[in-house]
1. What translational diffusion coefficient, in µm²/s and rounded to a whole number, does the Stokes-Einstein relation yield for the range B:54-146 at 10 °C and a viscosity of 1.306 mPa s, taking the hydrodynamic radius as the Kirkwood radius over Cα pairs?
2. Compute the separation of the alpha-carbon centres of the range B:155-209 and the range A:277-348 and state it in Å as a whole number.
3. Once you have a ≥ b ≥ c as the square roots of the Cα gyration tensor eigenvalues for the range B:124-187, tell me rounded if a/c is under 1.5, and otherwise prolate or oblate according to whether a/b is larger than b/c.
4. How far, in degrees from 0 to 90, does helix A:42-53 lean away from the longest principal axis of the Cα atoms of chain A, to the nearest 10?
5. Among A:166, A:266, B:113, which comes first, then next, by fewest other beta-carbon atoms within 10 Å?
6. On C-alpha positions alone, give me the angle between the axis of helix A:301-329 and the longest principal axis of chain A, in degrees, nearest 10.
7. Classify chain A as rounded, prolate or oblate from the Cα gyration tensor: take a ≥ b ≥ c as the square roots of its eigenvalues, call it rounded if a/c is under 1.5, otherwise prolate when a/b beats b/c and oblate if not.
8. Determine the shielding of peptide B:134-140 by partner chains: average, over its residues, the number of Cβ atoms on other chains within 10 angstrom of each Cβ.
């Protein structure tokens, strides 16, 4: 029972990718081949698919016919033939990718072997990006299925061509294009095509991706009014209440009293203290009242210095921002967007 | 005084603080011997100004001095005291000052009229919000007397108080002690001591501009 279930799952694995594309098939022979495949009549699939290939088919139908052959040969354990069939599939549709979760390991491995036996540039991807000219680059990635000399260029609609890279690559390739001319200026706005050409001996393959480059102004920075995490401190502080005012009043009044007593003329006798009592008393009362009152705020030297440093720092930062903004007003914001891909890729 | 008030009104625009106000004064005065002593009171006015580290003050007070009880003086006199000085702050609590004093007596021969240059220093301290206390000591240089003579040692001490009472209104109080070692030579018979000693207390109000 378990073996029967496993066999059924195996067959479903072969059947699933084949049925997925059946709706686009217009050719009657190919439809019959598809039906035979669905009915697990593999001998009939081979003959019908080969017959369909001798007829007039669209590219997608031709790829479907070879794919049916690939899956069928895989099911019949004819791996070499399956590989040949899958090679035809990827030559017609280089972006064709099998889902390892939905196809049998045999078919998948045959497809993988087929991929490594033909020279292809696949999965050319250019993501939308935006950066200031000269301060960024466009990421370009693709896969080369065999070791090959790969030349990557950008061709403008006006005929201008800019080399991005030329080197020997195999497998996943990641490149970056700064989108600048030889003199450092950003490339003019417009439509371009990124072309990747791979060459290995007599074999050559190219893939392309159109992109649109647009120019915009660079955002300027706002001036700072404060530094994050730093706040101005109060420049005055109220000292703690003390007896200092009364003490000072005593000191000054005492000075006047001592001076008066010490300087009085002996021949003239002791002078009247009424005048000193009036003014000294007023000073002492004032000192006592000031002792009871909340002291006057006084400058906090450390805070004043700190605030001055903070102000200087903010001023310096704003000067830098102003310089940066002057430079930014002369810069260009480049925005690159990939466009719909034409069906131009293929072996040459 | 009117001119001072008018000048004071234009001062704040130039960064100058000015106060002007009336004063009531108490005074005692002794001359030559301990028996010749007087006490009295009077009125006057004063004005002060400050511009950065520079300050100045001028005051005039007219005193009516009567013979003190137990003294030998038989009649009183009226004295007019003028005191003018300018000071420059050397520190936030100290300044040097220079000025002149002049005290005239009426009737002229009932007491000595004195004029002198004063040079000295003062110490002041803000003991609370708007309250400043000061102590000063001045040497009275080159004193001149209406009755002649000279003084080798003359000194003028002072205690002052300025309290901001409300808004622009200030209360002021000032104490002055003067000791002048006057010597005279009447009729060429030889020098004799004729010292002068006086104290004045001024209490007043002032309006700040």
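Only the coordinates and a few stated rules stand behind these numbers; no lab work does. These numbers come from a predicted model, not from an experiment. All Cβ positions, glycine included, derive from the backbone under ideal geometry; neighbour counts span all protein chains shown.
1. 105 µm²/s
2. 54 Å
3. Cα axes put the range B:124-187 in the prolate bin.
4. Tilt relative to chain A: about 90 degrees.
5. A:266, A:166, B:113
6. It is inclined by approximately 30 degrees.
7. The shape class here is prolate.
8. Other-chain Cβ atoms within 10 Å of each residue's Cβ, averaged: 3.
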